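**Student:** Have a look at this one.
The values are calculated or read from the model by the stated rules, or taken from the named source; none is laboratory data. This is a predicted model, so every value here is computed, not measured. A quick note on method: Cβ atoms are made from the backbone with ideal geometry, for glycine too, and the neighbour counts reach across all protein chains shown. Just so you know, the surface numbers come from the protein's heavy atoms only, side chains and all, with ligands and any DNA or RNA stripped out. Shrake-Rupley method; radii C 1.70, N 1.55, O 1.52, S 1.80 Å.
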Amino acid sequence: MTPELTRRIWFTLGALLVFRLGTFIPLPGFAPSVWEQIFRSQADRTLGMANLLSGGAIHRLAIFALGLLPYISAAVLLQLLPIISKRLRALRTQGERGRRTIDLYTRALTALLSILQAYGIAIGLESVPGLVAEPGWLFRTTTVLTLTGGVMALVWLSEWITARGLGNGVTLILFVGLVAEVPAGIAGMLELGRQGVLSGGTLLALLGSAIALTALVVVAERARRRLPVHVQGGEGDPPSYLSLKLNNAGIIPAVLASWVLFLPGAIVVLFAPALEAQLRGPLVAIVYAALIVACAFFYTAFLIDPDAAAEMLKKRGAVIPGIAPGEPTAEHIDGVVTRLTTIGALYLALVYLVPAAMVAMAPIPFYFGGASLLIVVCAILDLEDHIRAFASVKTGV
């Protein structure tokens, strides 16, 4: 192990320890016992998912309760806005200067989203009888400042992990938050098994499904379609390839699908609470899966431009064997990307549908979702790639 790798490992562990400590510092001015009752009644729903992504901070109403969700939302929005904004499209072509400007916009939008969400949380907490000791503007201001400060601190921490630690800081923080909640979830399942609520066969089926789904995610996230590329005049050079991932969109399609479903879901909760149970039915799960497939095609089309890829190959004097340069190459790449996206979209839908079916069939005492599994697997694979990279530098490979 090289000194540089050792230093990065210790830096990453220290930064993640700071994150974990922040998930145990509670907001001021609320009654923990009242909140505990509320949380337990909603732990298997959306609140449970948000709690996992925050590393248990929502369960404890800690200063990091918002986690990195405002930052992720802001980043996704600024990835999509160039579709309609020429100015943002121009920034993407300005190199380091454009990247810094986009980063600044992302932080500003993150702060705005955090303030809005924190204020909504403060109002919601005040509406619960007996939860807030002294409702009013002082509590709202304190909550907004504390939660917004927590989000910005996590953004800063994630950027430092990316720059001076190992792996992607955002992914690692989400990963640690998820993993930290797993032991309690497993203990809850075993307790249900001891009480006879879950049979031994059901526990084994859940374990087998989780292992199979994890294996599927590992294989799919590692899957690549490599198109051979021949550089004209480069005889004797090692073979080159244009590598295309099976799942180019990551978890973004699930995020976009969630946004699409959020508005009708919020309207139902606010104006027709009696229908809230229908939001967890099989029809909604199927609609969600269909939206994931549609969003996967939409986002992949935004990420990969076959015409631009064909033009790049042409400028470099490279061709795909058996395919003429220019438009035929673009059509070939487009066909390959379409087939990959179809398989990748169905894979993403399956990853989200299987956990939903597991939760529907068995009284799992915690939230288990496809996003959680994708984040955990992708974080581990990313860490493995970084460690291999440092190892190859040491050995000179």
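**Student:** Please find, among ILE83, ILE121, ILE115, the residue that is out of contact with any Leu (no Cβ under 6 Å at 6 or more places or on another chain), β-branched (Val, Ile, Thr) and without any contact (Cβ under 8 Å) to a residue 40 or more places away in the chain.
**Tutor:** On the way: ILE83 fails: without any contact (Cβ under 8 Å) to a residue 40 or more places away in the chain; ILE121 fails: without any contact (Cβ under 8 Å) to a residue 40 or more places away in the chain.
The match here is ILE115.
**Student:** Moving on. Exactly one of these conditions fails for VAL76: (1) open to solvent by 20 Å² or more (accessible area, probe 1.4 Å); (2) in a helix (DSSP H, G or I). Give me its number.
**Tutor:** Evaluating VAL76 over (1) open to solvent by 20 Å² or more (accessible area, probe 1.4 Å); (2) in a helix (DSSP H, G or I) leaves (1) as the failure.
**Student:** If you go through region 79-102 one residue at a time, how many are assigned to a loop (DSSP other than H, G, I, E, B) and at pLDDT 85 or above?
**Tutor:** Restricting attention to region 79-102, the residues satisfying the condition of being assigned to a loop (DSSP other than H, G, I, E, B) are 84-85, 92-94.
Okay, now just the ones that are also at pLDDT 85 or above, so none.
So the answer is 0.
**Student:** Across region 356-379, what is the number of residues that are at pLDDT 70 or above and surrounded by fewer than 16 Cβ atoms within 10 Å (Cβ to Cβ)?
**Tutor:** At the first step, the residues of region 356-379 found to be at pLDDT 70 or above are 356-361, 370-379.
Now narrow it down to the ones that are surrounded by fewer than 16 Cβ atoms within 10 Å (Cβ to Cβ): 357, 360-361.
Count: 3.
**Student:** State all residues of region 124-143 that are in contact (Cβ under 8 Å) with a residue 60 or more places away in the chain and crowded, with 18+ Cβ neighbours inside 10 Å; if no residue qualifies, say none.
**Tutor:** LEU125, LEU131, VAL132, PHE139, THR143, listed by residue number.
**Student:** Moving on to the next point. In region 52-67, is there at least one residue being on the phi < 0 side of the Ramachandran plot, free of Cβ contacts under 8 Å to residues at least 24 places away in the same chain and in a helix (DSSP H, G or I)? Working first, answer last.
**Tutor:** From region 52-67, those on the phi < 0 side of the Ramachandran plot are 52-54, 57-60, 62-66; that's our starting set.
Next, from what is left, pick out any that are free of Cβ contacts under 8 Å to residues at least 24 places away in the same chain: 58-59.
Subsequent filtering for residues that are in a helix (DSSP H, G or I) retains none.
The answer is no; no qualifying residue exists.
**Student:** Given the condition among the hydrophobic types (A, V, I, L, M, F, W, C), surrounded by fewer than 19 Cβ atoms within 10 Å (Cβ to Cβ) and more than 20 Å from the chain's Cα centre (by Cα), answer yes or no: does some residue in region 144-153 qualify? Can you show your working first?
**Tutor:** Of the residues in region 144-153, the ones among the hydrophobic types (A, V, I, L, M, F, W, C) are 144-145, 147, 151-153.
Within this subset, residues satisfying the condition of being surrounded by fewer than 19 Cβ atoms within 10 Å (Cβ to Cβ) are 145, 152-153.
Okay, now just the ones that are also more than 20 Å from the chain's Cα centre (by Cα), so 145.
Scanning region 144-153, I find at least one residue that is among the hydrophobic types (A, V, I, L, M, F, W, C), surrounded by fewer than 19 Cβ atoms within 10 Å (Cβ to Cβ) and more than 20 Å from the chain's Cα centre (by Cα), so the answer is yes.
**Student:** Only one of LEU204, LEU198 is open to solvent by 70 Å² or more (accessible area, probe 1.4 Å) and over 30 Å from ALA296 (Cβ atoms); which? Lay out the reasoning, then the answer.
**Tutor:** Values: LEU198 fails: open to solvent by 70 Å² or more (accessible area, probe 1.4 Å).
Just a single option satisfies the conditions, and that option is LEU204.
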